[in-house]
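Take a look at the structure set out below.
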Amino acid sequence: MRLSVLSVFLCFVLYTEQKSTQQDDSYVAAVVEYEVKSDVATNIKNYLQLIQEAAEQDADIVVFPEMTLTRGERRVSIPIHGLLKDFPVPAVRPDLYDEILVSISGAAQKHQMYVVINVQEVMDCNNATGEYCPEQKVYLFNTNVVFDRTGAVIDRYRKINLFGEYTRTPALKPDLGIFTTDFGVTFGHFICFDLMFQVPAVQVVQKHNLTDVIFSTMWFSEMPYLTAAQIQEAYAYAMNVNLLAAGANNVNVGSAGSGIYSGKTGALISVMPGIPTTSVFVSRVPKVPGKVKESYPGPISDDPRSLDSLVLISDPSLPSHVSRPLVEGSQEFILTDKEVSCMFRVKLQQRTGEQGPHYRAFVKDSINTYSRRDLGVAACSVIACKNESVKSCPFRFNKTEENVEIKELVIEMTTHRLHYNTSLQCDDIVYYPTSFKNNKFPVRPKNFTFEETSKQEAGSSIRNSVEINMKGRKEHITYKLNAPQTDLVAFGVWGRIYNKDVNHNKPPTEDDLQNYLEIEDWIYKKEKNQD
(Lines give C-alpha, C1' and ligand atoms only; values in the text may rest on other atoms or scores of the structure.)
Protein backbone atom coordinates (compact mmCIF):
# COMPACT_ATOMS: atom_id res chain seq x y z
CA MET A 1 0.00 0.00 0.00
CA ARG A 2 2.83 2.36 0.87
CA LEU A 3 4.45 1.69 -2.52
CA SER A 4 1.18 2.38 -4.30
CA VAL A 5 0.73 5.73 -2.58
CA LEU A 6 4.34 6.66 -3.35
CA SER A 7 3.86 5.73 -7.00
CA VAL A 8 0.78 7.89 -7.23
CA PHE A 9 2.65 10.77 -5.57
CA LEU A 10 5.59 10.47 -7.98
CA CYS A 11 3.23 10.39 -10.96
CA PHE A 12 1.53 13.51 -9.63
CA VAL A 13 4.86 15.30 -9.26
CA LEU A 14 5.98 14.33 -12.75
CA TYR A 15 2.61 15.35 -14.16
CA THR A 16 2.57 18.78 -12.56
CA GLU A 17 6.17 19.46 -13.59
CA GLN A 18 5.02 19.33 -17.21
CA LYS A 19 2.79 22.36 -16.76
CA SER A 20 4.02 25.66 -18.19
CA THR A 21 5.08 28.41 -15.80
CA GLN A 22 5.55 32.17 -15.92
CA GLN A 23 9.25 31.65 -16.59
CA ASP A 24 8.66 29.56 -19.74
CA ASP A 25 8.73 31.32 -23.11
CA SER A 26 5.82 29.21 -24.40
CA TYR A 27 2.78 27.23 -23.31
CA VAL A 28 0.80 24.28 -24.70
CA ALA A 29 -2.69 24.94 -26.10
CA ALA A 30 -5.40 22.61 -27.33
CA VAL A 31 -8.46 23.42 -29.43
CA VAL A 32 -11.32 21.06 -30.15
CA GLU A 33 -13.10 20.63 -33.48
CA TYR A 34 -16.36 19.11 -32.21
CA GLU A 35 -19.04 17.38 -34.24
CA VAL A 36 -22.45 18.77 -33.34
CA LYS A 37 -24.51 16.43 -31.14
CA SER A 38 -27.98 17.16 -29.78
CA ASP A 39 -27.81 15.07 -26.60
CA VAL A 40 -26.32 17.03 -23.69
CA ALA A 41 -25.40 13.90 -21.69
CA THR A 42 -23.41 12.61 -24.67
CA ASN A 43 -21.72 15.98 -25.05
CA ILE A 44 -20.68 16.08 -21.39
CA LYS A 45 -19.23 12.57 -21.64
CA ASN A 46 -17.36 13.48 -24.83
CA TYR A 47 -16.06 16.75 -23.39
CA LEU A 48 -14.60 14.95 -20.38
CA GLN A 49 -12.82 12.48 -22.65
CA LEU A 50 -11.47 15.31 -24.82
CA ILE A 51 -10.16 17.18 -21.78
CA GLN A 52 -8.32 14.02 -20.78
CA GLU A 53 -6.87 13.68 -24.29
CA ALA A 54 -5.62 17.27 -24.13
CA ALA A 55 -4.10 16.61 -20.70
CA GLU A 56 -2.27 13.56 -22.02
CA GLN A 57 -0.58 15.91 -24.50
CA ASP A 58 0.46 18.29 -21.69
CA ALA A 59 -1.99 21.05 -22.61
CA ASP A 60 -2.18 23.99 -20.24
CA ILE A 61 -5.46 25.18 -21.74
CA VAL A 62 -8.17 23.59 -23.90
CA VAL A 63 -10.84 25.50 -25.83
CA PHE A 64 -14.21 24.12 -26.98
CA PRO A 65 -16.43 25.53 -29.78
CA GLU A 66 -19.61 27.55 -29.67
CA MET A 67 -22.97 25.90 -28.92
CA THR A 68 -21.84 22.28 -29.03
CA LEU A 69 -22.65 21.54 -25.40
CA THR A 70 -26.14 22.99 -24.88
CA ARG A 71 -29.02 24.11 -27.07
CA GLY A 72 -32.79 24.56 -27.05
CA GLU A 73 -34.28 24.23 -23.59
CA ARG A 74 -31.01 23.32 -21.86
CA ARG A 75 -29.89 26.45 -20.04
CA VAL A 76 -27.15 27.03 -17.49
CA SER A 77 -26.96 29.69 -14.79
CA ILE A 78 -23.51 31.32 -14.40
CA PRO A 79 -23.88 33.46 -11.22
CA ILE A 80 -20.41 34.95 -11.38
CA HIS A 81 -21.42 37.92 -9.19
CA GLY A 82 -23.41 35.73 -6.78
CA LEU A 83 -22.85 32.11 -5.76
CA LEU A 84 -19.61 31.77 -7.71
CA LYS A 85 -18.01 34.51 -5.61
CA ASP A 86 -18.49 32.42 -2.48
CA PHE A 87 -18.23 28.96 -4.03
CA PRO A 88 -16.09 29.33 -7.19
CA VAL A 89 -15.44 25.59 -7.70
CA PRO A 90 -18.68 23.90 -8.80
CA ALA A 91 -17.09 20.46 -8.44
CA VAL A 92 -16.98 20.81 -4.65
CA ARG A 93 -20.56 22.10 -4.38
CA PRO A 94 -22.54 19.98 -6.87
CA ASP A 95 -25.74 20.81 -5.01
CA LEU A 96 -25.52 24.44 -6.12
CA TYR A 97 -24.78 24.17 -9.85
CA ASP A 98 -25.84 22.58 -13.11
CA GLU A 99 -24.16 19.22 -13.81
CA ILE A 100 -22.39 20.80 -16.80
CA LEU A 101 -20.48 23.22 -14.55
CA VAL A 102 -19.87 20.50 -11.97
CA SER A 103 -18.51 18.02 -14.54
CA ILE A 104 -16.24 20.46 -16.37
CA SER A 105 -15.02 21.95 -13.09
CA GLY A 106 -14.12 18.46 -11.89
CA ALA A 107 -12.24 17.68 -15.10
CA ALA A 108 -10.31 20.99 -14.99
CA GLN A 109 -9.39 20.23 -11.38
CA LYS A 110 -8.44 16.61 -12.05
CA HIS A 111 -6.18 17.46 -14.99
CA GLN A 112 -5.01 20.84 -13.63
CA MET A 113 -5.91 22.58 -16.86
CA TYR A 114 -7.64 25.78 -17.94
CA VAL A 115 -10.84 24.93 -19.81
CA VAL A 116 -13.02 27.24 -21.92
CA ILE A 117 -16.54 26.10 -22.80
CA ASN A 118 -19.57 27.78 -24.39
CA VAL A 119 -23.12 27.39 -23.09
CA GLN A 120 -26.59 28.86 -23.38
CA GLU A 121 -26.78 30.91 -20.20
CA VAL A 122 -29.98 31.79 -18.39
CA MET A 123 -30.36 34.76 -16.05
CA ASP A 124 -33.59 35.35 -14.13
CA CYS A 125 -33.61 39.00 -13.12
CA ASN A 126 -36.04 38.23 -10.30
CA ASN A 127 -33.10 36.54 -8.58
CA ALA A 128 -29.84 37.84 -10.03
CA THR A 129 -27.40 39.04 -7.36
CA GLY A 130 -25.00 41.70 -8.60
CA GLU A 131 -26.24 41.58 -12.22
CA TYR A 132 -27.29 44.47 -14.45
CA CYS A 133 -31.00 43.95 -15.17
CA PRO A 134 -32.74 46.58 -17.32
CA GLU A 135 -35.96 44.55 -17.07
CA GLN A 136 -37.27 42.08 -14.51
CA LYS A 137 -37.42 39.11 -16.85
CA VAL A 138 -35.54 35.98 -17.88
CA TYR A 139 -32.65 36.55 -20.32
CA LEU A 140 -30.79 34.02 -22.43
CA PHE A 141 -27.19 34.62 -23.54
CA ASN A 142 -24.57 32.90 -25.67
CA THR A 143 -21.77 32.64 -23.10
CA ASN A 144 -18.18 31.50 -22.68
CA VAL A 145 -17.19 30.12 -19.27
CA VAL A 146 -13.57 29.80 -18.15
CA PHE A 147 -12.28 27.36 -15.49
CA ASP A 148 -8.79 27.50 -13.99
CA ARG A 149 -6.59 24.60 -12.93
CA THR A 150 -8.40 24.29 -9.59
CA GLY A 151 -11.79 23.97 -11.29
CA ALA A 152 -12.87 27.48 -10.29
CA VAL A 153 -14.95 29.59 -12.66
CA ILE A 154 -12.76 32.66 -13.23
CA ASP A 155 -14.45 34.44 -16.14
CA ARG A 156 -17.73 34.70 -18.04
CA TYR A 157 -18.16 36.40 -21.40
CA ARG A 158 -21.52 37.04 -23.07
CA LYS A 159 -21.56 37.31 -26.85
CA ILE A 160 -22.06 40.92 -27.92
CA ASN A 161 -22.85 40.42 -31.62
CA LEU A 162 -25.43 37.72 -32.28
CA PHE A 163 -25.72 36.10 -35.70
CA GLY A 164 -29.50 35.83 -35.81
CA GLU A 165 -29.97 33.86 -32.59
CA TYR A 166 -33.27 35.56 -31.94
CA THR A 167 -34.05 33.42 -28.90
CA ARG A 168 -31.09 35.03 -27.12
CA THR A 169 -30.12 38.56 -26.06
CA PRO A 170 -26.82 40.30 -26.85
CA ALA A 171 -24.72 41.10 -23.79
CA LEU A 172 -26.55 43.78 -21.83
CA LYS A 173 -23.23 45.61 -21.45
CA PRO A 174 -20.29 45.33 -23.86
CA ASP A 175 -18.06 43.74 -21.20
CA LEU A 176 -14.87 42.22 -22.58
CA GLY A 177 -13.78 38.67 -21.80
CA ILE A 178 -10.32 38.70 -20.17
CA PHE A 179 -8.55 36.33 -17.77
CA THR A 180 -4.97 35.79 -16.58
CA THR A 181 -3.28 32.42 -16.17
CA ASP A 182 -0.62 31.07 -13.82
CA PHE A 183 1.71 30.55 -16.79
CA GLY A 184 1.97 34.28 -17.35
CA VAL A 185 -0.42 34.82 -20.26
CA THR A 186 -3.50 37.04 -20.23
CA PHE A 187 -6.18 35.98 -22.72
CA GLY A 188 -8.99 37.88 -24.34
CA HIS A 189 -11.91 35.80 -25.58
CA PHE A 190 -15.00 36.26 -27.74
CA ILE A 191 -17.49 34.24 -29.79
CA CYS A 192 -18.01 33.65 -33.52
CA PHE A 193 -19.73 36.70 -35.15
CA ASP A 194 -17.91 38.93 -32.62
CA LEU A 195 -14.80 38.54 -34.78
CA MET A 196 -16.41 40.81 -37.39
CA PHE A 197 -16.70 43.77 -35.01
CA GLN A 198 -14.47 46.42 -33.47
CA VAL A 199 -15.98 45.62 -30.08
CA PRO A 200 -14.79 43.15 -28.94
CA ALA A 201 -12.37 41.75 -31.57
CA VAL A 202 -10.14 44.82 -31.95
CA GLN A 203 -10.77 46.56 -28.65
CA VAL A 204 -9.93 43.59 -26.43
CA VAL A 205 -6.47 43.33 -28.00
CA GLN A 206 -5.50 46.98 -28.40
CA LYS A 207 -7.03 48.53 -25.30
CA HIS A 208 -5.48 45.92 -23.03
CA ASN A 209 -2.29 45.24 -25.01
CA LEU A 210 -3.04 41.52 -25.25
CA THR A 211 -1.05 39.02 -27.28
CA ASP A 212 -3.33 35.97 -26.92
CA VAL A 213 -6.97 35.50 -27.92
CA ILE A 214 -9.47 32.64 -27.61
CA PHE A 215 -12.18 32.22 -30.23
CA SER A 216 -15.08 29.77 -29.85
CA THR A 217 -17.19 29.50 -32.98
CA MET A 218 -19.83 27.79 -35.09
CA TRP A 219 -18.70 29.50 -38.29
CA PHE A 220 -20.46 29.35 -41.65
CA SER A 221 -17.74 29.77 -44.26
CA GLU A 222 -18.30 32.30 -47.03
CA MET A 223 -16.03 32.60 -50.07
CA PRO A 224 -14.01 34.58 -51.04
CA TYR A 225 -13.07 36.46 -47.83
CA LEU A 226 -14.64 34.71 -44.86
CA THR A 227 -13.97 30.98 -44.85
CA ALA A 228 -13.09 29.74 -41.37
CA ALA A 229 -9.33 29.04 -41.38
CA GLN A 230 -8.86 31.95 -43.79
CA ILE A 231 -10.30 34.64 -41.51
CA GLN A 232 -8.86 33.05 -38.36
CA GLU A 233 -5.35 33.22 -39.78
CA ALA A 234 -5.92 36.70 -41.23
CA TYR A 235 -7.11 38.01 -37.83
CA ALA A 236 -4.08 36.54 -36.03
CA TYR A 237 -1.78 38.07 -38.67
CA ALA A 238 -3.35 41.54 -38.76
CA MET A 239 -3.67 41.83 -34.97
CA ASN A 240 -0.31 40.09 -34.43
CA VAL A 241 -1.69 37.78 -31.75
CA ASN A 242 -1.78 34.12 -30.88
CA LEU A 243 -5.28 32.87 -31.69
CA LEU A 244 -6.78 29.66 -30.28
CA ALA A 245 -9.84 28.95 -32.46
CA ALA A 246 -12.20 26.04 -31.74
CA GLY A 247 -14.90 25.34 -34.34
CA ALA A 248 -18.16 23.41 -34.32
CA ASN A 249 -18.22 20.66 -36.95
CA ASN A 250 -21.36 20.21 -39.05
CA VAL A 251 -20.13 19.98 -42.64
CA ASN A 252 -23.60 19.55 -44.18
CA VAL A 253 -24.52 23.08 -43.11
CA GLY A 254 -21.07 24.55 -43.74
CA SER A 255 -19.62 24.62 -40.22
CA ALA A 256 -16.00 23.48 -39.76
CA GLY A 257 -12.56 24.92 -39.15
CA SER A 258 -10.27 25.21 -36.13
CA GLY A 259 -6.66 26.12 -35.48
CA ILE A 260 -3.89 27.60 -33.38
CA TYR A 261 -2.21 30.59 -35.00
CA SER A 262 0.79 32.68 -33.99
CA GLY A 263 0.90 36.20 -35.35
CA LYS A 264 2.67 36.58 -38.68
CA THR A 265 3.91 32.98 -38.63
CA GLY A 266 0.38 31.82 -39.43
CA ALA A 267 -1.11 28.45 -38.53
CA LEU A 268 0.83 26.33 -36.05
CA ILE A 269 -1.89 23.78 -36.69
CA SER A 270 -5.22 24.19 -38.50
CA VAL A 271 -7.98 22.10 -40.06
CA MET A 272 -10.87 22.59 -42.49
CA PRO A 273 -12.52 19.16 -42.37
CA GLY A 274 -14.77 17.92 -45.14
CA ILE A 275 -16.10 15.08 -43.00
CA PRO A 276 -17.93 14.92 -39.66
CA THR A 277 -15.21 14.77 -37.03
CA THR A 278 -14.33 15.41 -33.41
CA SER A 279 -10.63 15.90 -32.66
CA VAL A 280 -8.24 17.64 -30.30
CA PHE A 281 -5.46 19.69 -31.90
CA VAL A 282 -2.46 20.61 -29.77
CA SER A 283 0.51 22.90 -30.29
CA ARG A 284 3.18 24.64 -28.27
CA VAL A 285 2.58 28.40 -28.54
CA PRO A 286 5.28 31.07 -28.15
CA LYS A 287 4.41 33.82 -25.70
CA VAL A 288 5.72 36.35 -28.23
CA PRO A 289 3.48 35.87 -31.30
CA GLY A 290 5.44 34.63 -34.30
CA LYS A 291 8.60 33.76 -32.33
CA VAL A 292 8.34 30.03 -33.02
CA LYS A 293 11.38 27.98 -32.04
CA GLU A 294 10.34 24.47 -33.04
CA SER A 295 8.64 22.68 -35.90
CA TYR A 296 4.85 22.63 -36.16
CA PRO A 297 2.35 20.81 -38.41
CA GLY A 298 0.69 23.83 -40.02
CA PRO A 299 -2.49 23.17 -42.03
CA ILE A 300 -3.60 19.51 -41.98
CA SER A 301 -5.15 18.70 -45.33
CA ASP A 302 -8.20 16.52 -45.91
CA ASP A 303 -8.21 13.24 -47.69
CA PRO A 304 -8.77 14.33 -51.33
CA ARG A 305 -11.94 12.23 -51.42
CA SER A 306 -13.59 14.42 -48.77
CA LEU A 307 -12.14 17.75 -49.90
CA ASP A 308 -15.37 18.95 -51.49
CA SER A 309 -17.83 17.74 -48.83
CA LEU A 310 -17.83 20.93 -46.75
CA VAL A 311 -20.65 23.22 -47.89
CA LEU A 312 -19.26 26.67 -48.81
CA ILE A 313 -21.46 29.66 -49.56
CA SER A 314 -20.47 32.70 -51.63
CA ASP A 315 -20.65 36.43 -50.98
CA PRO A 316 -23.85 37.50 -52.81
CA SER A 317 -22.55 41.07 -53.20
CA LEU A 318 -19.67 40.17 -55.57
CA PRO A 319 -21.58 41.05 -58.78
CA SER A 320 -22.01 44.60 -57.42
CA HIS A 321 -18.22 45.10 -57.04
CA VAL A 322 -16.27 47.07 -59.59
CA SER A 323 -14.45 44.34 -61.53
CA ARG A 324 -12.45 43.46 -64.61
CA PRO A 325 -11.50 40.09 -66.15
CA LEU A 326 -7.85 39.10 -66.30
CA VAL A 327 -6.25 37.72 -69.46
CA GLU A 328 -3.34 35.44 -70.14
CA GLY A 329 0.05 37.15 -70.04
CA SER A 330 1.11 40.32 -68.19
CA GLN A 331 -1.24 43.16 -67.35
CA GLU A 332 -1.30 46.24 -65.13
CA PHE A 333 -4.33 48.44 -64.48
CA ILE A 334 -6.22 50.40 -61.83
CA LEU A 335 -9.78 49.88 -60.58
CA THR A 336 -11.56 52.41 -58.35
CA ASP A 337 -14.71 52.35 -56.24
CA LYS A 338 -15.45 55.57 -54.32
CA GLU A 339 -12.48 56.16 -51.98
CA VAL A 340 -10.73 52.86 -52.72
CA SER A 341 -8.38 52.52 -55.67
CA CYS A 342 -6.28 49.46 -56.50
CA MET A 343 -3.46 48.86 -58.93
CA PHE A 344 -3.21 45.25 -60.09
CA ARG A 345 -0.06 43.85 -61.65
CA VAL A 346 -0.64 40.28 -62.76
CA LYS A 347 1.01 37.68 -64.95
CA LEU A 348 -1.00 34.58 -65.87
CA GLN A 349 0.25 31.59 -67.81
CA GLN A 350 -1.86 28.77 -69.20
CA ARG A 351 -0.13 25.57 -68.13
CA THR A 352 -1.85 23.15 -70.53
CA GLY A 353 -4.16 23.26 -73.49
CA GLU A 354 -7.14 22.61 -71.24
CA GLN A 355 -9.45 25.34 -69.96
CA GLY A 356 -8.63 26.60 -66.48
CA PRO A 357 -10.39 29.06 -64.15
CA HIS A 358 -11.17 32.59 -65.33
CA TYR A 359 -9.60 35.12 -62.95
CA ARG A 360 -11.14 38.50 -62.28
CA ALA A 361 -10.01 41.59 -60.31
CA PHE A 362 -12.47 43.17 -57.84
CA VAL A 363 -12.66 46.42 -55.87
CA LYS A 364 -15.29 47.33 -53.27
CA ASP A 365 -15.91 50.35 -51.05
CA SER A 366 -19.38 49.95 -49.62
CA ILE A 367 -21.61 48.24 -47.08
CA ASN A 368 -22.11 44.50 -46.73
CA THR A 369 -25.07 43.16 -44.79
CA TYR A 370 -24.59 40.22 -42.45
CA SER A 371 -27.50 39.04 -40.30
CA ARG A 372 -29.28 42.41 -40.65
CA ARG A 373 -26.12 44.32 -39.66
CA ASP A 374 -24.70 46.79 -42.21
CA LEU A 375 -20.90 46.68 -42.05
CA GLY A 376 -18.37 48.95 -43.73
CA VAL A 377 -16.10 47.00 -46.07
CA ALA A 378 -13.22 47.95 -48.38
CA ALA A 379 -11.65 45.23 -50.52
CA CYS A 380 -9.28 44.66 -53.42
CA SER A 381 -8.88 41.12 -54.69
CA VAL A 382 -8.27 38.66 -57.49
CA ILE A 383 -10.83 35.84 -57.57
CA ALA A 384 -11.25 32.68 -59.65
CA CYS A 385 -14.48 32.37 -61.65
CA LYS A 386 -15.98 29.41 -63.49
CA ASN A 387 -16.48 31.38 -66.69
CA GLU A 388 -16.39 34.97 -67.94
CA SER A 389 -19.57 35.92 -66.06
CA VAL A 390 -19.07 37.74 -62.77
CA LYS A 391 -21.96 35.67 -61.41
CA SER A 392 -19.77 32.56 -61.61
CA CYS A 393 -17.36 33.97 -59.00
CA PRO A 394 -15.94 32.69 -56.76
CA PHE A 395 -15.20 29.28 -58.24
CA ARG A 396 -13.45 26.62 -56.18
CA PHE A 397 -12.12 24.48 -59.02
CA ASN A 398 -10.78 20.95 -58.54
CA LYS A 399 -7.19 19.79 -58.89
CA THR A 400 -7.62 18.62 -62.48
CA GLU A 401 -8.58 22.20 -63.40
CA GLU A 402 -5.38 23.79 -61.99
CA ASN A 403 -4.31 24.83 -65.47
CA VAL A 404 -3.55 28.52 -64.90
CA GLU A 405 -0.37 29.52 -63.09
CA ILE A 406 -0.31 32.91 -61.40
CA LYS A 407 3.34 33.76 -61.92
CA GLU A 408 3.07 37.29 -60.51
CA LEU A 409 0.39 39.05 -58.47
CA VAL A 410 0.79 42.45 -56.82
CA ILE A 411 -2.09 44.50 -55.40
CA GLU A 412 -1.38 48.09 -54.35
CA MET A 413 -4.40 49.47 -52.49
CA THR A 414 -5.00 53.15 -51.79
CA THR A 415 -7.78 53.35 -49.25
CA HIS A 416 -9.27 54.85 -46.08
CA ARG A 417 -6.59 56.11 -43.73
CA LEU A 418 -6.24 54.23 -40.45
CA HIS A 419 -7.81 56.12 -37.57
CA TYR A 420 -7.50 55.60 -33.82
CA ASN A 421 -10.67 55.76 -31.71
CA THR A 422 -9.65 57.48 -28.48
CA SER A 423 -12.92 56.56 -26.77
CA LEU A 424 -12.70 52.83 -27.47
CA GLN A 425 -8.87 52.90 -27.37
CA CYS A 426 -8.51 50.91 -30.57
CA ASP A 427 -8.39 51.32 -34.34
CA ASP A 428 -11.49 52.25 -36.34
CA ILE A 429 -10.19 50.42 -39.41
CA VAL A 430 -8.32 47.12 -39.81
CA TYR A 431 -7.06 45.59 -43.05
CA TYR A 432 -6.71 41.82 -43.31
CA PRO A 433 -4.54 39.91 -45.81
CA THR A 434 -6.91 37.17 -46.96
CA SER A 435 -6.51 34.30 -49.38
CA PHE A 436 -8.16 30.99 -50.13
CA LYS A 437 -6.86 28.00 -52.05
CA ASN A 438 -8.49 24.87 -53.43
CA ASN A 439 -7.42 22.92 -50.34
CA LYS A 440 -9.56 25.35 -48.26
CA PHE A 441 -6.54 26.97 -46.56
CA PRO A 442 -4.93 30.40 -47.09
CA VAL A 443 -1.56 31.01 -48.69
CA ARG A 444 1.22 30.50 -46.13
CA PRO A 445 2.73 33.77 -44.82
CA LYS A 446 6.17 32.92 -46.20
CA ASN A 447 4.63 33.03 -49.67
CA PHE A 448 3.24 36.58 -49.46
CA THR A 449 4.25 40.10 -48.43
CA PHE A 450 1.79 42.47 -46.72
CA GLU A 451 2.85 46.05 -45.99
CA GLU A 452 0.83 48.97 -44.57
CA THR A 453 2.40 52.41 -45.02
CA SER A 454 1.02 54.05 -41.86
CA LYS A 455 2.19 51.21 -39.62
CA GLN A 456 5.66 51.48 -41.11
CA GLU A 457 5.64 55.21 -40.40
CA ALA A 458 4.30 54.84 -36.89
CA GLY A 459 6.24 51.78 -35.83
CA SER A 460 4.45 48.72 -34.55
CA SER A 461 1.45 50.58 -33.17
CA ILE A 462 -0.89 53.07 -34.82
CA ARG A 463 -1.83 54.22 -31.33
CA ASN A 464 1.20 56.53 -31.32
CA SER A 465 0.42 58.09 -34.68
CA VAL A 466 -2.56 60.35 -34.10
CA GLU A 467 -0.58 63.23 -35.61
CA ILE A 468 -0.08 61.20 -38.81
CA ASN A 469 -3.80 60.44 -39.03
CA MET A 470 -4.60 64.12 -38.80
CA LYS A 471 -2.78 64.80 -42.07
CA GLY A 472 -5.67 63.21 -43.96
CA ARG A 473 -3.53 61.16 -46.28
CA LYS A 474 -4.89 57.84 -47.52
CA GLU A 475 -3.57 54.48 -46.46
CA HIS A 476 -1.38 52.60 -48.92
CA ILE A 477 -1.18 48.80 -48.73
CA THR A 478 0.90 46.41 -50.80
CA TYR A 479 -0.09 42.75 -50.88
CA LYS A 480 1.80 40.45 -53.20
CA LEU A 481 2.61 36.82 -53.84
CA ASN A 482 6.20 35.75 -53.26
CA ALA A 483 5.83 32.47 -55.15
CA PRO A 484 3.78 31.32 -58.16
CA GLN A 485 0.42 29.65 -57.43
CA THR A 486 -1.76 27.25 -59.40
CA ASP A 487 -4.56 26.58 -56.90
CA LEU A 488 -5.56 30.10 -55.87
CA VAL A 489 -9.27 30.80 -55.53
CA ALA A 490 -8.97 34.24 -53.92
CA PHE A 491 -6.21 36.65 -52.90
CA GLY A 492 -6.87 40.14 -51.61
CA VAL A 493 -7.05 42.78 -48.92
CA TRP A 494 -10.30 42.76 -46.95
CA GLY A 495 -10.79 45.86 -44.80
CA ARG A 496 -13.30 46.45 -42.04
CA ILE A 497 -14.26 50.12 -41.88
CA TYR A 498 -15.86 49.97 -38.44
CA ASN A 499 -16.79 53.64 -38.31
CA LYS A 500 -19.13 53.09 -41.29
CA ASP A 501 -21.11 50.33 -39.56
CA VAL A 502 -24.84 50.87 -39.12
CA ASN A 503 -26.81 49.01 -36.47
CA HIS A 504 -30.50 49.57 -37.19
CA ASN A 505 -31.45 48.05 -33.81
CA LYS A 506 -34.55 46.47 -35.26
CA PRO A 507 -36.19 44.13 -32.75
CA PRO A 508 -36.84 40.66 -34.17
CA THR A 509 -40.34 39.97 -35.36
CA GLU A 510 -42.28 36.83 -34.56
CA ASP A 511 -41.42 35.61 -38.07
CA ASP A 512 -37.70 36.21 -37.36
CA LEU A 513 -37.98 34.13 -34.20
CA GLN A 514 -39.79 31.27 -35.90
CA ASN A 515 -37.38 31.28 -38.82
CA TYR A 516 -34.43 31.09 -36.44
CA LEU A 517 -35.97 28.21 -34.49
CA GLU A 518 -36.52 26.36 -37.76
CA ILE A 519 -32.90 26.93 -38.77
CA GLU A 520 -31.61 25.71 -35.41
CA ASP A 521 -33.83 22.62 -35.57
CA TRP A 522 -32.64 21.98 -39.11
CA ILE A 523 -28.99 22.17 -38.03
CA TYR A 524 -29.45 19.71 -35.18
CA LYS A 525 -31.89 17.44 -37.00
CA LYS A 526 -29.34 17.15 -39.80
CA GLU A 527 -26.93 15.90 -37.17
CA LYS A 528 -29.50 13.44 -35.83
CA ASN A 529 -30.08 12.04 -39.29
CA GLN A 530 -26.36 11.33 -39.61
CA ASP A 531 -26.29 9.16 -36.47
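Output the relative contact order of the chain, whole-number percent, from Cα pairs under 8 angstrom with separation of 6+ residues.
13 percent
For ASP124 and LYS264, what is the calculated FRET efficiency with R₀ set at 51 Å and r taken between the beta-carbons, to the nearest 0.05?
E(calc), rounded to 0.05, equals 0.65.
For the stretch 84-123, with equal point scatterers placed on the C-alpha atoms only and solvent neglected, what are the log10 I(q)/I(0) values from the Debye formula at q = 0.14, 0.15, 0.21, 0.35 1/Å, to two decimals?
For the stretch 84-123 at q = 0.14, 0.15, 0.21, 0.35 Å⁻¹, log10 I(q)/I(0) is -0.29, -0.34, -0.66, -1.24.
When only the heavy atoms of the protein chains count and the probe is 1.4 Å, how do VAL213, VAL40, VAL502 rank by accessible area, highest first?
Result of the area sort, largest leading: VAL502, VAL40, VAL213.
Please identify which residues in the stretch 380-398 have an amide N closer than 11 Å to a label point set 7 Å out from the Cα of GLN355, following the Cα→Cβ vector.
Only 386-389 pass the distance filter.
Name the residues whose placed amide hydrogens come within less than 5 Å of the amide hydrogen of GLU66, ignoring near sequence neighbours (fewer than 5 apart) on the same chain.
Excluding prolines and chain starts, which carry no amide H, the hits are THR217, MET218, ALA248.
Let me see the pair-distance distribution of the chain: every alpha carbon pair, 20 Å bin width, integer percents in order.
That works out to 22, 55, 21, 2, 0, in percent per bin.
Please identify which residues in the stretch 300-317 have an amide N closer than 18 Å to a label point set 7 Å out from the Cα of THR400, following the Cα→Cβ vector.
Counting only backbone N, you get 304-309.
Within the chain, what whole-number % of the accessible surface is contributed by carbon and sulfur, with the 1.4 Å probe and all protein chains included in the calculation?
In the chain, the share of accessible area belonging to carbon and sulfur is 50 percent.
Please report, in debye to the nearest 20, how large the charge dipole of the stretch 285-441 is about its Cα centre when each Lys and Arg carries +1 at its beta carbon and each Asp and Glu carries -1 there.
Roughly 240 debye for the stretch 285-441.
How far apart, in nm, are two points set 7 Å out from the Cα along the Cα-to-Cβ line at ASP308 and at LYS85?
Result for the modelled spin labels: 5.9 nm.
If you place +1 on the Cβ of every Lys and Arg and -1 on the Cβ of every Asp and Glu, how big does the dipole about the Cα centre of the chain come out, in debye to the nearest 20?
Approximately 860 debye in magnitude.
Which one, ILE160, GLN198, ASN127, projects farthest toward the positive side of the charge dipole computed for the chain from Cβ point charges (K/R +1, D/E -1)?
So the residue we want is GLN198.
Which whole-number percent gives the relative contact order of the stretch 267-357, counting Cα pairs below 8 Å spaced six or more residues apart?
22 percent
Say the dipole of the stretch 305-436 comes from +1 at the beta carbon of Lys and Arg and -1 at that of Asp and Glu; which of SER306, ILE334, VAL430 then lies farthest toward its positive end?
The residue sitting farthest along the positive end of the dipole is SER306.
Provide the gained length on full extension for the span THR422 to THR186, in nm with one decimal, where the gain is 0.36 nm per separating residue minus the Cα-Cα distance.
82.7 nm
Given the peptides 277-283, 430-436, 485-491, arrange them by the average over their residues of other C-beta atoms within 10 Å, most packed first.
The densest-packed peptide leads the list: 430-436, 485-491, 277-283.
Ranked by accessible surface with a 1.4 Å probe, highest first, in what order do ASP124, ASP212 come?
Descending order: ASP124, ASP212.
Given contacts defined as C-alpha pairs under 8 Å and at least six residues apart, what's the relative contact order of the stretch 112-179, whole-number percent?
Here the relative contact order equals 29 percent.
May I ask you to give the solvent-accessible area per residue for the stretch 334-460, in square angstrom, as obtained with a 1.4 angstrom probe?
Computed with neighbouring chains in place, this is 39 Å² per residue.
If the only charges are +1 at each Lys and Arg Cβ and -1 at each Asp and Glu Cβ, what is the size of the charge dipole of the stretch 287-367 around the Cα centre, to the nearest 20 debye?
The calculation lands at about 340 debye.
Could you tell me which of THR180, THR453, ILE104 has its Cα farthest along the dipole of the chain towards the positive end, charges placed at Cβ (Lys, Arg +1; Asp, Glu -1), taken about the Cα centre?
Of the candidates, THR453 comes out farthest on the positive side.
With N denoting the number of residues in the stretch 363-411, provide Rg(C-alpha) divided by 2.2 N^0.38 Å, to two decimal places.
Compared with the compact-globule rule of thumb, the stretch 363-411 sits at 1.49.
Roughly speaking, what is the stretch gain from LYS291 to LYS386, that is 0.36 nm per residue apart minus the C-alpha to C-alpha distance, in nm to one decimal?
Extra length from LYS291 to LYS386 when fully extended: 30.2 nm.
The values are calculated or read from the model by the stated rules, or taken from the named source; none is laboratory data. Just so it is clear, the structure is predicted and the values come from calculations on it, not from any experiment. Please note: Cβ atoms are built from the backbone with ideal geometry, for glycine as well, and neighbour counts cover all protein chains shown. Quick note on the areas: whole protein, heavy atoms, side chains included, nothing else; ligands and nucleic acids left out. Shrake-Rupley method; radii C 1.70, N 1.55, O 1.52, S 1.80 Å.
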